[in-house]
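The values are calculated or read from the model by the stated rules, or taken from the named source; none is laboratory data. As the structure is a computational prediction, the values presented were derived from the model and not from experiment. So basically every Cβ, Gly included, is an ideal-geometry build from the backbone, and we count neighbours across all protein chains shown. In case anyone asks, the SASA skips ligands and DNA or RNA and just uses the protein heavy atoms, side chains included. Shrake-Rupley method; radii C 1.70, N 1.55, O 1.52, S 1.80 Å.
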Amino acid sequence: MSSRKLLSPLLIGALLLAAVVVYLNLPAEEEVKKGGPLATTVKTILVEQGAMAITIEALGTARANESIAVTAQVTETVRSVNFEDGDSVKAGQVLIQLNNNEELARVAELRANIDEAKRQYTRIFNLRESSAASEQLLDEQQARVKGLEAQLDIAEAQVDDLQIRAPFSGVLGARQVSIGSLVQPAGVITTLDDISVVKVDFSIAENQLASVAKGQKVSATSVAYPGEIFSGEITHIDTRLDPISRAISVRAIIDNKDQRLRPGMLLTIVVEKRVLDTLILPEKALVPVQDIQYVYVVEDDVAHQREVVIGERRPGIVQIVSGLKAGDEVITEGTLRVRDQSAVNVLNRNNEG
């Protein structure tokens, strides 16, 4: 009798629990049958045929088009400095005037001697016409004139050497001398860089060699200017590959008229190989399973898992080689909650077009 009293409450509790479970599950089963609120909310996109650029990317360091350290050719003191730090200069502009008093005096002396020698040559020439002077004397005076003219050329070249000029147009660096400084050959006076264009040397793999050619357009980007693209073209492809890396060096010239790119900058170079007219899809639509790629195609508000073959990849998009056709509706958001043959509610369908 006592055992029946103990079992009766336990039995009643078990029956009540079973009733609650059945009650809670019945509405869910009914909703599944109706295909209502349990449909997974997703976002989709229609597969389209579009242009997809196939590119080569490489890293390169910017270099000035022309770059030198300005030096003197002789040992002499500085008489005048005709530039300031960072000045833009033209080709042939005088930057430094060295002391040239002795050389200028020598030039003046030679010019006076030449004038006198020419007068003597004219006098002897006239005397020879009247047979008062010999042919030999005339030749000797002519040789004297030519000798003095050669000495003048040397003296004028020495004067020019004492004027330090910009060999090309560009931007100067910091000035390293002052008036009265003693400069010597190989002593740096300043630097000069032509950065109206910049050179960029970069390397590409051997298997990409057939995809590049002289004159081919390139674009460059720098972390210093996010979102900006600098245009240029390939000007040289090396004749030899590196036998270790199997890479070949390529040089491009990048336009830099505003001089925002500076030597030493790290640039990302993009070379466009070709443009494909192909099916493209956002990369986030892919559902990888081991080595196979799947997508979910929506038909009549039901998701169908479909295997696809992808080709080229670009940031954010992929080429679809097979498995889809233009116009297919593919899930791009919500793929983690979707299963094959599950009902879906497309959230953005009413906003398409």
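For (1) over 38 Å from the mean Cα position of the chain (by Cα); (2) open to solvent by 70 Å² or more (accessible area, probe 1.4 Å), each residue gets a yes or a no:
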| site | (1), (2) |
| --- | --- |
| 144 | yes, yes |
| 147 | yes, no |
| 150 | yes, no |
| 155 | yes, no |
| 161 | yes, no |
| 167 | no, yes |
| 174 | no, no |
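Look through 218, 270 and report the one residue that is open to solvent by less than 60 Å² (accessible area, probe 1.4 Å), closer than 17 Å to residue 197 by Cα, touching a residue at least 40 places away in the same chain (Cβ under 8 Å) and not polar (S, T, N, Q).
218
Could you check how many residues of the stretch 64-83 are touching an Asp or Glu at 6+ places or on another chain (Cβ under 7 Å) and open to solvent by 50 Å² or more (accessible area, probe 1.4 Å)?
3
Out of the residues in the stretch 27-50 that are open to solvent by less than 80 Å² (accessible area, probe 1.4 Å) and farther than 23 Å from residue 333 by Cβ, state the one that is modelled with the lowest pLDDT.
The extreme case among them is 28.
Could you tell me which residue of the stretch 224-270 is farthest from residue 212 (Cα to Cα), considering only residues that are among the acidic types (Asp, Glu) and not in a strand (DSSP E or B)?
My answer is 258.
Which of the residues that make up the stretch 48-92 are part of a strand (DSSP E or B) and among the β-branched types (Val, Ile, Thr)?
Those that are part of a strand (DSSP E or B) and among the β-branched types (Val, Ile, Thr): 54, 55, 56, 61, 68, 70, 71, 77, 78, 81, 89.
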